[in-house]
Amino acid sequence: MSQRLKLDVKALTAIGAEDLVILVSDRLTPAKVAEEWLGEGTRALLARAAAAERFKGKALSGLTVLAPDGAGYERLIVIGTGPAGERDKLDFAKLGGAIAGKLGSGRSADVIAALPESEISADEIAQIGLGLRLRAYAFDRYKTKSKEKDEAEPIAVTLRVADSSGVKKALKAREAIAAGVEVARDLVNEPPNVLYPEEFADRAAKLEKLGVEIEILDEKQLKKIGMRALLGVGQGSRRESRVVVMRWNGAKSSVQPVAFIGKGVTFDTGGISLKPGAGMEDMKGDMAGAACVTGLMHALAARKAKVNAVGVIGLVENMPDGNAQRPGDIVTSLSGQTIEIINTDAEGRLVLADVLWYTQERFKPQFMVNLATLTGAILVALAQENAGLFSNSDELSERLTVAGKATGETVWRMPLSPGYDKMIDSKFADMKNSAGRYGGSITAAQFLQRHVNDTPWAHLDIAGTGMNSPNSDVNRSWGSGWGVRLLDRLVADHYES
């Protein structure tokens, strides 16, 4: 990952960058403080340019105008915020991303962080800063001769604000969240020959520098514990499996922790039930759930969240070796329940089954949220617009839904019911790991629920959002880091003391 943004916050005392960025409403009016820096000539030029380009100030739209001589800057960049009456719908992180999208590499920009026709809070300005940083992310460490990389000099952006101290304080927390998202993106983008279970565990261990307690369980320990479902997935790989436990203690020791669990299949061939070759390279991202949990723990620790949080990730590689798990095998999970293997490509649920049971039994958390690129079926149902949400708790589901709307990382609740649960009954074991084509994302969630007792629990199927991500105002990366902002918001809104 290259850092392509240098962000600063200063008072509105001077403008001296190459680009000047202002925000306008749908009436093309900027804030009064921005008007003072434009001058009559620039205002007239803006009006003509807007008319010629049919720029209407629609939210997140942009217009670039060459500044007249003597303006003190080279370009005027105008970003729309839409009608003042709909300002409560404006996503300020996306606004920051829209600004970043208009800036060129190696340039400097002053952003007058003031809204036309309404006030802007320090938190909203900090969200703009978050969006700027998320949009500026690029994963190019393996490009050696790329012209794009050579020319990608950092953008120097200064947020010009009325209250610099208040904004700096709010921005500090947002920078911690941005760093967590970047950690997750880096992990998802890494190639599988570089990022395998042991290496992933070592990278997670770097969170110790932030005060996170790290425990890495190797195969010998996992066998002793009884995680046979997880170990079965990795037994065909030359790379040993790992489970990493990350603990952030930001509240009193008497407070129950909240728990986040991630599927970390660092590469998924499908095993003996081999996937088609076309597109298999994308299966390096089958650990996006574990990447999100790692990034989230980074964010919570970096902003010193007042919460006790546990992150547990199951790290395996699913390969078709002669020692690999076979369809027809029966394994005993950590819960004591037996599982008939129908399809070795339905492996993520086996990893999560053991890790979920381990987490609830050891830590007795307030709730558990697991994330996994679990099923292609969720893409059929929801495309890449929402993650699938399955839960045994209406309260937790509602909180996740609200946090999703606030961050733009949206979820859609899917059903769980006894009828679907019967579909995973096995003739030979307590359950089977695949019920076939129909309702695939639901039956996978039903499988996970059998490894959860009464703990409030939510399963997020992020197969459509965690990797191969569509471009957005805040992301131009294949690995999106999806879920870090969502879960940080969940914690911040409901679980910090």
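The values are calculated or read from the model by the stated rules, or taken from the named source; none is laboratory data. Computed from a predicted model, the values in this text were never measured in an experiment. All Cβ positions, glycine included, derive from the backbone under ideal geometry; neighbour counts span all protein chains shown. Each accessible area value is taken on the protein alone, full model and side chains, heavy atoms only, with ligands, DNA and RNA left out. Shrake-Rupley method; radii C 1.70, N 1.55, O 1.52, S 1.80 Å.
Scanning region 4-27 for residues that are under 23 Å from residue 83 (Cα atoms) and touching a strand residue (DSSP E or B) at 6+ places or on another chain (Cβ under 8 Å) gives 20, 21, 22, 23, 24, 25, 26. Comparison of 408, 464 shows that the only residue that is open to solvent by 10 Å² or more (accessible area, probe 1.4 Å), under 30 Å from residue 100 (Cα atoms) and of a type outside the set (S, T, N, Q) is 408. Of all residues in region 216-268, those that are open to solvent by 10 Å² or more (accessible area, probe 1.4 Å) and not hydrophobic (A, V, I, L, M, F, W, C) total 21.
Could you tell me whether any residue of region 394-403 is of a type in the set (S, T, N, Q), touching a residue at least 24 places away in the same chain (Cβ under 8 Å), more than 18 Å from residue 351 (Cα to Cα) and in a loop (DSSP other than H, G, I, E, B)? Checked region 394-403: no residue is of a type in the set (S, T, N, Q), touching a residue at least 24 places away in the same chain (Cβ under 8 Å), more than 18 Å from residue 351 (Cα to Cα) and in a loop (DSSP other than H, G, I, E, B). Selection of region 85-108 for residues being part of a helix (DSSP H, G or I), free of Cβ contacts under 8 Å to residues at least 60 places away in the same chain and either open to solvent by 30 Å² or more (accessible area, probe 1.4 Å) or closer than 20 Å to residue 177 by Cα (or both) yields 85, 86, 88, 89, 92. Taking region 324-345 as the range and being outside any strand (DSSP E or B) and either among the β-branched types (Val, Ile, Thr) or open to solvent by less than 10 Å² (accessible area, probe 1.4 Å) (or both) as the test, the residues that pass are 324, 333, 341, 342, 344. Is it fair to say residue 224 is in a helix (DSSP H, G or I) and closer than 29 Å to residue 496 by Cα? No.
Within region 33-60, restricting attention to residues that are at pLDDT 90 or above and of a type in the set (D, E, K, R), the residue that is least open to solvent (accessible area, probe 1.4 Å) is 53. Looking only at region 61-82, filter to residues that are open to solvent by less than 50 Å² (accessible area, probe 1.4 Å) and in a loop (DSSP other than H, G, I, E, B); which one of those is nearest to residue 18 (Cα to Cα)? Out of the qualifying residues, it is 73. Restricting 369, 316, 351 to those that are under 20 Å from residue 444 (Cβ atoms), part of a strand (DSSP E or B), touching a Lys or Arg at 6+ places or on another chain (Cβ under 9 Å) and open to solvent by less than 10 Å² (accessible area, probe 1.4 Å) reduces the list to 316.
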